[in-house]
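The values are calculated or read from the model by the stated rules, or taken from the named source; none is laboratory data. If you're wondering where the values come from, they're calculated on a predicted model, not measured in any experiment. Counting neighbours? That spans all protein chains shown, and the Cβs are built from the backbone with ideal geometry, glycine included. Quick note on the areas: whole protein, heavy atoms, side chains included, nothing else; ligands and nucleic acids left out. Shrake-Rupley method; radii C 1.70, N 1.55, O 1.52, S 1.80 Å.
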Amino acid sequence: MPEARSWQVREWLRHRLSRGRREFDRVRGRGLREWNRVRARVRREWRRTPREQQRTWQLVAVSAATGLVVAVVSVLVAGPWDAGQRTAERARAADGRAPGDGRDGGSGEPAPSAAPVLAALGARSAPRSPDSGADAVPPPTGAGLADTLEPLLDDPALGDERSVAVMDVTSGQQVFGAKAGTATIPASTIKLATGAAALSALGPDHRIRTSVVAGAGKDDIVLVGGGDPTLTARAVKGDDHPAALRQLADDTARALKKRGAGPYRLGYDTSLYSGAKLHPIGPNENLSPVVPLMADEGRKDDSDHGPAPRAEDPAADAAAAFASMLRDRGVEVKDEPRSHKAAKGARTVASVRSQPLSSLVERMLTTSDNDIAEALSRQTALAAGRSASFEGGAKAVTQRLRKLGLPLGGARIADGSGLDRADHVSAGLLAQVLVRAADRDHPELRSLLTGLPVAGFSGTLRTRYAQDAVGRGVVRAKTGTLTGVNSLAGSVVDADGRLLVFAYLTNGTTDANGAQRALDRMASALANCGCR
């Protein structure tokens with residue numbers, strides 16, 4: 001029994017020490033960020049101050065640092081802490097008493113509260129009242145951001161061509177720029193523009209339909225592609241999943257069995273799209289031939305994102321898989337499926353719909369999905385009454401961005417995915433896209449923010465940002481990579497709690513890994529900076 005009791009005590013102590021360490025690290029991180037902000041401010045003032053006053057500034061800096069240390073120590077001493085909350089506060093909350101409610105000897109005044117981290121989201125569209133506290137979180141200044149970012153921009157890994165923009169979401173104003181209006185090759189960050197155009201044209205709730213319709217003959221049916229690249233032939237579970245070819249086969253078999261005829265001949269219709277099927281870069285593991293009918297993006301392995309071997313004819317493969325599913329469900333299908341255009345107004349036998357467009361945009365941004373990007377470009381073209389081709393999609397996306405009031409100076413959009421090096425946009429344009437997405441007047445664009453990968457945790461940023469990097473879990477950004485091109489565009493909450501958006505585009509890089517690290521440092525610098 002004494003040994004068991006001793007073991008319990010040791011485990012209890014180990015548990016408490018572990019929690020204490022985590023809380024210390026959290027508070028220390030906040031303290032370091034505040035220290036960096038104070039240090040940057042003092043450095044700027046030092047440069048502007050006459051020599052005879054610099055000794056006074058030295059005393060100010062020392063006092064600020066001393067006060068910071070005292071504050072951190074006071075927070076730690078005020079414990080004990082449990083999962084980020086003082087245990088005394090938790091007990092008081094459980095007892096139903098709030099600080100200052102008159103029952104615990106308080107003053108009766110409400111306790112001060114921190115400004116919400118995302119208080120700036122959409123605030124630009126809301127009227128401010130004198131008592132709203134909208135300015136309680138001050139914006140960074142251009143000089144402060146210049147002190148922080150310009151030394152990082154000197155990194156030779158960033159190549160010889162750069163376009164940089166940082167914007168304050170609350171005011172909608174650019175607070176730092178370096179050739180922000182210069183159009184350069186954006187790589188995959190152009191997907192932000194593609195997503196904005198599609199969401200604006202079709203709305204976040206739009207779903208893409210894949211149908212089976214009656215053919216010309218009594219026993220003819222046609223599988224009609226609607227342009228859903230996420231249609232899957234794999235088994236799915238739950239309610240929130242891509243449109244399933246198996247479900248379409250279930251519904252089609254049920255409808256055909258009621259007719260009692262057969263055997264059936266299956267055709268497939270890919271007439272929704274026009275123009276070239278292959279991207280200008282040619283056959284590539286990053287993108288299937290762009291057709292309106294495909295299953296699992298034409299992937300020939302079990303992957304669901306990233307490079308993979310692709311089918312030469314995704315539509316024919318999808319139709320063959322569908323025919324096999326019908327046979328498994330007792331429907332006789334003779335011969336192999338053939339390409340056949342459905343009659344206009346043909347009766348629908350069965351259909352399935354994709355996830356909402358907002359979900360497709362999120363998936364596109366998180367995993368940098370080129371197939372979804374090219375599909376959304378064509379859906380935008382169809383909504384605009386243009387041909388669903390590379391050219392029609394590019395024109396429709398450009399037109400829609402212009403309607404959103406975005407700066408298109410020097411911009412040229414050639415595709416939806418950013419694989420085409422003919423694409424040219426500015427950092428200012430991409431930053432403005434993100435500002436629109438945060439604007440409460442444009443709720444249809446919100447998935448442009450929610451789909452951004454989280455630094456160190458998800459999507460294309462999962463393996464970037466070291467465990468102790470300041471930007472880890474704070475930076476959210478779309479990545480872009482081509483040979484000689486590296487880019488990053490996203491959002492970050494700075495050390496003062498201000499929501500900023502940024503776009504960093506670099507061309508002429510020779511070390512992709514070095515360029516990525518340099519871009520990540522620039523994004524982390526915003527997270528670590530009050531920059532006033």
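Split the accessible area of the stretch 230-350 by element, probe 1.4 Å, and carbon with sulfur accounts for 46%. Over 24 Å apart at the Cα level, from the set LYS218/LYS277; LYS237/LYS300; LYS191/LYS277; LYS300/LYS478, are LYS218/LYS277; LYS300/LYS478. Available extension along the chain between GLN247 and ALA466 is 74.6 nm, counting 0.36 nm per residue and deducting the alpha carbon span.
What is the stretch 208-309 by shape, rounded, prolate or oblate, if you read a ≥ b ≥ c off the alpha carbon gyration tensor as root eigenvalues and call it rounded for a/c under 1.5, prolate for a/b larger than b/c, and oblate otherwise? Judged from the Cα gyration tensor, the stretch 208-309 comes out oblate (a/c at least 1.5, b/c at or above a/b). Summing charges over neighbours of MET522, with a neighbour being any other residue whose Cβ is under 14 Å away from its Cβ, gives -2 when K and R count +1 and D and E count -1.
Couplings 3J(HN,Hα) for the stretch 163-180, derived from phi with the Karplus relation 6.51 cos²θ - 1.76 cosθ + 1.60 (θ = phi - 60°), are 9, 10, 9, 10, 10, 8, 5, 4, 8, x, 9, 6, 9, 7, x, 9, 6, 4 Hz, where x marks Gly and Pro. Remark on SER426: its backbone amide H falls under 5 Å from those of THR184, a criterion applied only to residues 5 or more positions apart or on other chains, H modelled at 1.01 Å from N.
Its alpha carbons considered, the stretch 319-454 gives a radius of gyration followed by a Dmax of 19.0, 59 Å.
Proximity of backbone amide H atoms, modeled 1.01 Å from N, is registered between TYR264 and GLU332, VAL333, LYS334 at under 5 Å, excluding neighbours fewer than 5 places apart on the same chain.
Between the residues VAL501, SER447, GLY459, the greatest Cα displacement towards the positive end of the dipole of the stretch 437-501, with unit charges on the Cβ of Lys, Arg, Asp and Glu, is found for GLY459.
On alpha-carbon atoms, Rg over Rh for the stretch 376-510 using Kirkwood Rh? That ratio is 0.98, to two decimals. Computing FRET efficiency as 1/(1 + (r/R0)^6) for GLU336 and SER303, where r is the C-beta to C-beta distance and R0 is 35 Å, gives about 0.85. About the centre of its Cα atoms, the stretch 388-530 shows a dipole size close to 160 debye [charges on the beta carbon of Lys, Arg (+1) and Asp, Glu (-1) only; nearest 20 debye]. Using the Karplus relation 6.51 cos²θ - 1.76 cosθ + 1.60 with θ = phi - 60°, the per-residue 3J(HN,Hα) values for the stretch 222-235 come to 10, 8, 9, x, x, x, 8, x, 8, 3, 10, 9, 8, 5 Hz, with x marking Gly and Pro. For the stretch 475-518, the per residue solvent-accessible surface stands at 25 Å², with DNA, RNA and ligands left out and a 1.4 Å probe. About the centre of its Cα atoms, the stretch 148-306 shows a dipole size close to 1100 debye [charges on the beta carbon of Lys, Arg (+1) and Asp, Glu (-1) only; nearest 20 debye].
Close amide-amide hydrogen proximity is noted between ASP269 and LEU223, VAL224, GLY225, HIS340, each under 5 Å apart and 5 or more residues distant or on a separate chain (H modeled in the peptide plane; Pro and chain starts excluded). I need the calculated FRET efficiency for the pair ARG329 and ALA143, taking r as the beta carbon distance and R₀ as 60 Å, to the nearest 0.05. Computed FRET efficiency for ARG329 and ALA143: 0.30. When each of the peptides 328-340, 232-244 is scored by how many other beta carbons lie within 10 Å of its residues on average, the order from highest to lowest is 328-340, 232-244. A simple rule links phi to the HN-Hα coupling: the Karplus curve 6.51 cos²θ - 1.76 cosθ + 1.60 with θ = phi - 60°, which for the stretch 512-527 gives 4, 5, x, 5, 4, 4, 5, 5, 5, 5, 5, 5, 5, 4, 5, 5 Hz, with x for Gly and Pro. The Cα trace of the stretch 468-530 gives Rg and Dmax of 11.8, 37 Å, the first to one decimal, the second as a whole number. Put a plus charge on the Cβ of each Lys and Arg, a minus charge on the Cβ of each Asp and Glu, and nothing anywhere else: the dipole of the stretch 314-458 about its Cα centre is then about 580 debye.
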